[in-house]
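Each value in this text was obtained by applying a stated rule to the coordinates, not by laboratory testing. In this text, all values refer to a predicted model and were calculated from it rather than measured experimentally. Cβ placement follows ideal geometry from the backbone for every residue including glycine, while neighbour counts extend to all protein chains displayed.
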Amino acid sequence: MAKNNVPIIGITCDYKEKTKKYSLNRAYVEAIRRANGAPIILAPVEDILLRQKQANIIDGLLLTGGRDIEPTVYGEQPILKLKKIHSIRQQHEIELVKLVCELNKPILGICLGCQLLNVALGGTLYQDIKMQLPTASSHLQKNKRKETSHIVYIKEGSKLHQILKVSKLKTNSFHHQAIKKIAPNLRASAYAEDGIIEAIETKKDDCFLLGIQWHPEELIENPLHLALFEALVEEAIKLKIGKKAK
Ligand code: MN
């Protein structure tokens, strides 16, 4: 690949008010690097113009994991005590998704990032799988992040299936929330055995929006999990060199 075609992939990070520190698992940066993207970490900002600038300079966006979204954002009252992400991060990422979508740039959302993509575009969440879907399995695995705990079934004909070319995949699982109502322009592309939505994607053919409920960045030694990051980078390159199929 020509060096000047390396796209800039913006990666969101966490913020904690108590320590006044930003944080990000290295695995996300490593996954983008391995997929031949140039990772840059996007600090959450409150200024709209600065956020617009961030959206303008990136070629693609990676929304990372974290705690929970405030339920009032998707029109619900909290039904349990949630461990929420900082309001600055929440506001920033929801608005950033909308800006990046307007620019038609590709987005990959992981875990919270998948949920946030859905909420930003008008969907809702189960606030707690255990409370609201008592017959579902636990999606909070006890084994290590690099180990898998359940199978995901991938819908044939979906964009996800085009990327992975398999109908099932072993994944890890670290979420107590899940997609409830899917945003109008998105559709489910993978499910767990218990019916929990494990991946969402755009219905449109002229853009790339993909939400993954597991943590593929921890499993990139398996080429199938790395392929998700490669797909983001490839879409970013297409956009960058202006050869995107219309
Ligand atoms: Mn899961």
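Observations
- Taking the chain as a Gaussian network of alpha-carbon nodes connected by springs under 10 Å, the highest mean-square fluctuation of the residues Leu133, Leu209, Leu80 belongs to Leu80.
- Assuming charge only on the beta carbon of Lys and Arg (+1) and of Asp and Glu (-1), the dipole of the chain about its Cα centre is about 320 debye to the nearest 20.
- 5 angstrom amide H check on Lys181, placed H, neighbours 5+ away: Thr124, Leu125
- J(HN,Hα) series, the range 70-85, from Karplus relation 6.51 cos²θ - 1.76 cosθ + 1.60, nearest Hz, glycine and proline x: 4, x, 4, 4, 9, x, 10, 8, x, 9, 7, 6, 9, 9, 8, 6
- With a Förster radius of 51 Å applied to the C-beta separation of Lys170 and Glu102, the computed FRET efficiency comes to 0.90.
- Across the chain, the mean sequence separation of Cα contacts (distance under 8 Å, 6 or more residues apart), normalised by length, yields a relative contact order of 22 percent.
- In order through the range 155-163: 3J(HN,Hα) via Karplus (6.51 cos²θ - 1.76 cosθ + 1.60), integer Hz, x for Gly, Pro: 5, 5, x, 7, 5, 4, 5, 5, 6
- Signed unit charges on C-beta, dipole axis of the chain, positive-most listed residue His225, Tyr191, Ile94: His225
- Cα extents for the range 129-224 along the principal axes, largest to smallest and rounded to whole angstrom: 39, 33, 18.
- Semi-axes of the equivalent ellipsoid of the range 60-117 are 22, 12, 9 Å, computed as sqrt(5λ) over the eigenvalues of the C-alpha gyration tensor in descending order.
- Sum of -39500 (n - 2.57) over DSSP H runs of 4+, divided by residues of the chain (222 nm, nearest 500): -8500 deg cm²/dmol
- Listed by chain and number, the lysines whose C-alpha is less than 20 Å from the C-alpha of Lys155, apart from same-chain residues fewer than 8 away, are Lys165, Lys168, Lys170, Lys180, Lys181, Lys203, Lys204.
- With both residues required to sit in the range 107-246, DSSP beta bridges show an antiparallel share near 80%.
- Taking the inverse of the mean reciprocal distance over all distinct Cα pairs, the Kirkwood hydrodynamic radius of the range 42-198 comes to 16.6 Å.
- For the range 1-100, the orientation-averaged shadow of the C-alpha convex hull comes to 7.5 nm² (one quarter of the hull surface).
- Converting phi to 3J(HN,Hα) with the Karplus coefficients 6.51, -1.76 and 1.60 and the offset θ = phi - 60°, the range 179-196 yields 5, 9, 8, 7, 4, x, 8, 10, 9, 7, 10, 7, 9, 7, 3, 7, x, 5 Hz in sequence order, with x at every glycine or proline.
- Fluctuation leader among Pro106, Pro134, Pro184 - the chain, Gaussian network, Cα springs under 10 angstrom: Pro134
- Structure remark: mean-square fluctuation, Gaussian network model of the chain, C-alpha springs under 10 Å; the largest value among Leu49, Leu116, Leu103 belongs to Leu49.
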